[in-house]
Structure formats: C-alpha cells, structure tokens
C-alpha cells in the first residue's frame with residue numbers, strides 16, 4: 001500500500017473515532033423527585049432582557065417540575081465564577097449543575113485557554129462533590145455564531161452532556177433575541193426546551 005494511501009486511511013480512522021466520541025450518548029444518574037438543579041453562569045443564566053419568570057432556569061423549572069436555582073451574575077467572567085462556585089455548591093448541594101460561562105471572557109477578548117481552564121476547574125469542583133454536570137456552549141458573538149471549540153473539547157474530556165445549538169440558533173433569529181448577546185423570553189424558553197430534551201436523552205429525567 002502506498003504511503004499516501006496509508007496516511008489517508010489513518011486520518012480517516014482518526015476522524016471517525018473523533019466523530020463517534022463527540023456524538024455518543026452520555027448518561028447521567030436519574031434526578032429523582034427531589035433532585036435540585038443549579039443553573040450557574042452570567043447574564044445568559046440570570047435572564048437579562050426577560051422577566052423574572054422568563055429566564056431559562058425559571059422556564060426549566062416549569063417544564064420539569066424540579067426546583068431550578070438561578071445563580072446567574074450579569075457581567076461575571078469565568079475566573080470569578082470559578083471562585084464563586086464552591087460556596088454555592090456547598091450551600092445548595094444540588095444534584096445537577098447546568099454550567100453556562102465564558103460569554104464575558106469572549107466579549108472582553110480574554111484568553112480562551114484561560115476560560116477553558118476555568119470551566120475545567122468548575123467541572124472538577126462539582127465532580128468532587130458527586131454532582132452531575134451539563135455544559136451549555138456559548139457562541140462567538142459575530143456573524144458566524146459558531147460555538148467555540150473548547151466547549152465540546154471540555155465536554156468530551158469529562159464525558160458530560162453539552163447543549164451547543166440552542167444559543168447560536170436563538171441569536172441568529174431576530175424573533176428570539178433582544179440584542180446580539182441575549183435571547184428574549186421566547187429565546188430563553190427555547191433554550192429551556194433544548195435542555196429538557198438533553199436531560200431526557202441523558203436519562204436524568206424520564
């Protein structure tokens with residue numbers, strides 16, 4: 001077999017392996033009737049540009065019947081989230097953490113490697129306490145609205161479910177956003193609905 005053909009077959013095999021690894025189903029422990037969810041992040045979690053009962057955590061609580069705590073802090077960068085999270089986890093003791101962070105790092109043109117490492121730190125903090133995790137990917141705030149690659153990389157590293165389509169889809173449609181960063185009430189609802197689907201797919205809820 002010629003060397004170029006062997007190299008091509010090798011690269012094809014690697015690509016197939018990576019594709020399978022990125023799309024494989026990740027199961028989470030069932031939440032049970034009293035399982036509390038903690039939504040942790042910045043203004044996207046807080047629900048900026050929507051009413052108090054229209055944020056994605058509020059809608060997620062309505063859709064699932066599980067208590068969903070909203071710990072979103074507008075303007076927070078990931079290193080601040082990393083410092084804030086341990087106290088929140090110790091106080092609330094959730095069964096599952098929904099992590100959506102890094103948007104303000106992107107807006108301030110901060111180092112993406114640092115944001116990725118801060119996400120890893122937050123995931124480790126939850127794992128050490130036996131808390132399940134779901135990650136929400138934040139897109140680049142430009143015309144492409146592509147989720148940054150480090151989100152899927154981090155999710156694959158830790159074997160956790162990731163929702164990477166809802167925010168880009170919402171921010172690409174004027175009817176689902178209030179500005180170029182934040183969804184409106186309809187957009188937050190669609191994000192909550194996407195998370196319900198992911199929770200069901202991951203066996204966290206029936």
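Just so you know, all these numbers are worked out from the coordinates, no wet-lab data involved. Keep in mind it's a predicted model, so treat the numbers as computed, not measured. Neighbour counts run over all protein chains shown; Cβ positions are idealised from the backbone, glycine included.
Counting only alpha carbon atoms, the long axis of helix 112-128 and the longest principal axis of the chain meet at about 70°. Between 168, 86, 94, the GNM of the chain built on Cα springs shorter than 10 angstrom shows 86 fluctuating the most. Label zone of residue 180 (point 7 Å out along Cα→Cβ, amide N under 20 Å): in the range 136-153 this covers 138-149.
The long axis of helix 185-201 is offset from the longest Cα principal axis of the chain by roughly 60 degrees.
With a Förster radius of 30 Å applied to the beta-carbon distance between residue 172 and residue 83, the computed FRET efficiency rounds to 0.35. In the chain, what percentage of the DSSP-assigned beta bridges are antiparallel, given to the nearest 5? Antiparallel bridges make up about 10 percent of those DSSP assigns within the chain.
Normalised by the number of residues in the chain, the average gap of Cα pairs under 8 Å and 6 or more apart makes the relative contact order 25 percent. Relative to the longest principal axis of the Cα atoms of the chain, the long axis of helix 3-23 makes an angle of roughly 20 degrees. Calculated over the range 32-200, the projected area of the Cα convex hull averaged across directions stands at 8.7 nm².
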